[in-house]
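The values are calculated or read from the model by the stated rules, or taken from the named source; none is laboratory data. Just so you know, these numbers come straight off a predicted model, no measurement behind them. With ideal geometry, Cβ positions are generated from the backbone for all residues, glycine too; neighbour counts draw on all protein chains shown.
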Amino acid sequence: MRKKSLGLLEGWVSIGINLLLFALKLWAGITSASVAMVADAWHTLSDSASSVILITGMTLSERSADEKHPFGHGRIDNIAAIIIGTLLMGVGFGFLFKSGVRLWEYSPVEYGRSAVIIFVIAAAVKEGLARFSIWAGRKTRSEALIADGCHHRSDAATTLLILAGIFFGREMRWVDPALGIIVSVVIIHLSYGIIKRSSGSIIGEKMCPEIEREIQEIIRKDFPEVSSAHHFHLHRYGDHSELTFHAHMPDGFTLEKAHGIINGLEERINRQFGIETTIHAGPLSEAEG
């Protein structure tokens, strides 16, 4: 519930602020004839679109498990992050092309004082939104919230780049389209990272070595009857995670004794890591063979 509340709060605040900043940045870009400013304005508007996706994904991912989806709907959060990343990449390639054309045409740009003020305020506001969204994402382990925070931060960074260019663009007319190209490349790089991270979770990734080492240490200290543990497979479904692995014990153990040890180990892992665990128990001779 807290995850959904933080996601909805960040999403609605982001939509309101981004719509206002989009209008101000677009006005500043048009009056200044700046392709970099107009590109940054549309980048800001894409933040609003990604926040709509975030709200939708956050709402759907909180649905409880059902007969068709026994592990819940948590991966909708990853799907939402992929959509956000894809949208962001489209914005990046679009303005990369426009900036290239503008660099070829070599048109002059006139920056006004109001444009500078708007972009200074926008950079500060977007960095604030980024920090809140990334904090909320780490707190709730939401890839979509972190992706939205990265989107905000990229907007703040590109806005700062444009501000830096304002002070040089008066004398060097190529600075504005060059900055537009840099902004586009930053957007594309960021969106690639979002898509890669979120799709990796859906496709399936190798279990974190640190978690495996900690589990092996728990077995060594508190469950010495388990002679070896291997074939660790961790599957994440949003907030819900399922772990399976093989454990070997002496051949002479009764089924009741082995079952008790395995149950104890599963409960310990669940308590310490919040992971539902299923362990396949086998005789030690099987491992040695």
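Taking the stretch 3-54 only, how many residues are closer than 17 Å to residue 121 by Cα, in contact with an Asp or Glu (Cβ under 8 Å, 6 or more places away or on another chain) and surrounded by fewer than 21 Cβ atoms within 10 Å (Cβ to Cβ)?
Adding up the residues that qualify gives 0.
Those residues that are out of contact with any strand residue (DSSP E or B) (no Cβ under 8 Å at 6 or more places or on another chain), more than 30 Å from residue 137 (Cβ to Cβ) and among the hydroxyl-bearing types (Ser, Thr, Tyr), I need them from the stretch 211-264; list them, please.
The answer is 254, and nothing else.
Which condition does residue 26 not pass, out of (1) over 22 Å from residue 103 (Cβ atoms); (2) at pLDDT 75 or above, if it passes all the others?
Unmet for residue 26, out of (1) over 22 Å from residue 103 (Cβ atoms); (2) at pLDDT 75 or above: (1).
Go through the stretch 226-245 and give me each residue that's surrounded by fewer than 17 Cβ atoms within 10 Å (Cβ to Cβ) and either modelled with pLDDT of 85 or more or over 25 Å from the mean Cα position of the chain (by Cα) (or both).
Within the stretch 226-245, 227, 228, 230, 231, 244 meet the criteria.
Inside the stretch 233-262, can you point out the residues that are over 17 Å from residue 217 (Cα atoms) and assigned to a helix (DSSP H, G or I)?
Selection gives 255, 256, 257, 258, 259, 260.
Does residue 111 satisfy being assigned by TED's automatic domain parsing to the domain that holds residue 194, modelled with pLDDT under 70 and on the phi > 0 side of the Ramachandran plot?
No, not satisfied.
Please indicate, with yes or no, whether at least one residue in the stretch 131-140 is exposed (fewer than 15 other Cβ atoms within 10 Å of the Cβ), over 21 Å from residue 31 (Cβ atoms), at pLDDT 75 or above and of a type in the set (Phe, Trp, Tyr).
No, that holds for no residue.
Might you check whether a residue that is out of contact with any helix residue (DSSP H, G or I) (no Cβ under 7 Å at 6 or more places or on another chain), of a type in the set (Asp, Glu) and at pLDDT below 70 occurs anywhere in the stretch 161-178?
yes
Test each condition in (1) modelled with pLDDT under 80; (2) within 21 Å of the chain's Cα centre (by Cα); (3) of a type in the set (A, V, I, L, M, F, W, C); (4) part of a helix (DSSP H, G or I) for residue 207 and report the one that comes out false.
Answer for residue 207: the failing condition is (4).
Of all the residues that make up the stretch 111-140, how many are outside any helix (DSSP H, G or I) and either out of contact with any Ser or Thr (no Cβ under 9 Å at 6 or more places or on another chain) or more than 14 Å from residue 162 (Cβ to Cβ) (or both)?
0
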